[in-house]
Amino acid sequence: DAMVIQNPRYQVTQFGKPVTLSCSQTLNHNVMYWYQQKSSQAPKLLFHYYDKDFNNEADTPDNFQSRRPNTSFCFLDIRSPGLGDAAMYLCATWASGSPYNEQFFGPGTRLTVL
Amino acid sequence: AQSVTQLDSHVSVSEGTPVLLRCNYSSSYSPSLFWYVQHPNKGLQLLLKYTSAATLVKGINGFEAEFKKSETSFHLTKPSAHMSDAAEYFCVVSDRGNQGGKLIFGQGTELSVKP
């Protein structure tokens, strides 16, 4: 009964070759997040959608883009992956009506850049 | 400004002994506090959350945490460690009801459990 689903779980791409990671949710939450997590580090927020409103973190590189065609789906596009972009990418959701900011995380996509 | 500090980057215990993972937070407002666990190559799983209803919060898998406002702490404990508890643990803070629900993560504590 997965609530936040990420595909694929493992993605291998070549240096400079565009790649898209996908996230879907069955929770009908209006807020969706993308995090980048490098080895032995805490997750780092890249951006989030509050409904259809896109909110970019100030230090997120332009190389990272996102699309949210509807409530259930959100995509992370890496236009020209570099070796430093190899990481786990986590998608999360939140219902803004909840007062406690509890986010629900997907299992992540492990990105390898060759 | 909010922040969270996990006082130990690595904790090692023997199976069957108590677990203590320490966390201190800083928040200007009444905070929401969480502990998440992450097993290797897995996503984050919520262990427990502080909702202000009770200062002692019970979570899954026998974990609990106590909110101490005077000490600005939210330490995670478990009476008896199991091998399956070996994982990375993140203490997380958020301003309750803030726009966008942003979370502030601690740097994580890696828990090792020896047989």
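So which of B:LYS58, B:LYS78, B:LYS102, B:LYS68 is of a type in the set (Lys, Arg), facing another protein chain (nearest Cβ under 10 Å) and out of contact with any Cys (no Cβ under 6 Å at 6 or more places or on another chain)? Explain how you work it out, then say what you get.
Working: B:LYS58 fails: facing another protein chain (nearest Cβ under 10 Å); B:LYS78 fails: facing another protein chain (nearest Cβ under 10 Å); B:LYS68 fails: facing another protein chain (nearest Cβ under 10 Å).
After applying the criteria, what remains is B:LYS102.
Here's the yes/no breakdown for (1) assigned to a strand (DSSP E or B); (2) surrounded by 12 or more Cβ atoms within 10 Å (Cβ to Cβ); (3) touching a strand residue (DSSP E or B) at 6+ places or on another chain (Cβ under 7 Å):
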{"site": "A:GLN6", "(1), (2), (3)": "yes, yes, yes"}
{"site": "A:PHE15", "(1), (2), (3)": "no, no, yes"}
{"site": "A:LEU21", "(1), (2), (3)": "yes, yes, yes"}
{"site": "A:SER24", "(1), (2), (3)": "yes, yes, yes"}
{"site": "A:ASN28", "(1), (2), (3)": "no, no, no"}
{"site": "A:SER39", "(1), (2), (3)": "no, no, no"}
{"site": "A:ALA42", "(1), (2), (3)": "no, yes, yes"}
{"site": "A:LEU46", "(1), (2), (3)": "yes, yes, yes"}
{"site": "A:THR60", "(1), (2), (3)": "no, yes, yes"}
- Item | Hits in segment A:16-36 (condition: within 13 Å of another protein chain (Cβ to nearest Cβ) and more than 10 Å from the chain's Cα centre (by Cα)) | A:GLN25, A:HIS29, A:ASN30, A:VAL31
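So which residues in segment B:10-37 are more than 17 Å from B:VAL93 (Cβ to Cβ) and within 12 Å of chain A (Cβ to nearest Cβ)? Step through it out loud before you land on a result.
Looking only at segment B:10-37, we keep the residues that are more than 17 Å from B:VAL93 (Cβ to Cβ), and these are B:10-20.
Across segment B:10-37, the qualifying residue is only B:HIS10.
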- Give the residue, chosen from B:THR51, B:THR5, B:THR17, that is among the polar types (S, T, N, Q), out of contact with any strand residue (DSSP E or B) (no Cβ under 6 Å at 6 or more places or on another chain) and under 27 Å from A:TYR33 (Cα atoms). B:THR51
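Do we have any residue at all in segment B:64-79 that's farther than 16 Å from A:GLN103 by Cβ, polar (S, T, N, Q) and without any contact (Cβ under 8 Å) to a residue 12 or more places away in the chain? Before you say what the answer is, go through the steps one by one.
In the first step, residues of segment B:64-79 are kept if they are farther than 16 Å from A:GLN103 by Cβ; the result is B:64-79.
Still in the list and also polar (S, T, N, Q): B:70, B:72-73, B:77.
So of that shortlist, the ones also without any contact (Cβ under 8 Å) to a residue 12 or more places away in the chain come out as B:70.
Checked against the condition, which is being farther than 16 Å from A:GLN103 by Cβ, polar (S, T, N, Q) and without any contact (Cβ under 8 Å) to a residue 12 or more places away in the chain, segment B:64-79 yields at least one hit.
Based on this model, can you work out whether A:ASP59 counts as more than 13 Å from every other protein chain (Cβ to nearest Cβ), out of contact with any His (no Cβ under 8 Å at 6 or more places or on another chain) and at pLDDT below 95? Even if it seems obvious, please write down each step before you answer.
On the way: more than 13 Å from every other protein chain (Cβ to nearest Cβ): yes; out of contact with any His (no Cβ under 8 Å at 6 or more places or on another chain): yes; at pLDDT below 95: yes.
Criteria met by A:ASP59.
Give me the strands (runs of 3 or more DSSP E) completely within segment A:65-114, filtered to those with at least 3 residues that are away from every other protein chain (no Cβ under 14 Å) and open to solvent by 10 Å² or more (accessible area, probe 1.4 Å), ordered by residue number. Don't jump to the end; show me each part of the working.
On the way: elements: A:73-78, A:87-94, A:109-113.
Counting at least 3 such residues, we get A:73-78.
Condition test on B:VAL113, is it open to solvent by 10 Å² or more (accessible area, probe 1.4 Å), within 14 Å of chain A (Cβ to nearest Cβ), outside any loop (DSSP other than H, G, I, E, B) and at negative phi? So that I can check it myself, show each step before the final result.
Details: open to solvent by 10 Å² or more (accessible area, probe 1.4 Å): yes; within 14 Å of chain A (Cβ to nearest Cβ): no; outside any loop (DSSP other than H, G, I, E, B): yes; at negative phi: yes.
Criteria not met by B:VAL113.
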- Query: Out of (1) touching a residue at least 60 places away in the same chain (Cβ under 8 Å); (2) in contact with a Gly (Cβ under 9 Å, 6 or more places away or on another chain); (3) within 26 Å of A:GLN37 (Cβ to Cβ), what's the single condition that is false for B:GLY43?
  - Reply: (1)
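The values are calculated or read from the model by the stated rules, or taken from the named source; none is laboratory data. Bear in mind the structure is a predicted one, so any value in this text is a computation, not a measurement. Cβ: placed from backbone, ideal geometry, glycine included. Neighbour counts: every protein chain shown. Surface accessibility is based on the protein's heavy atoms, side chains included, excluding ligands, DNA and RNA. Shrake-Rupley method; radii C 1.70, N 1.55, O 1.52, S 1.80 Å.
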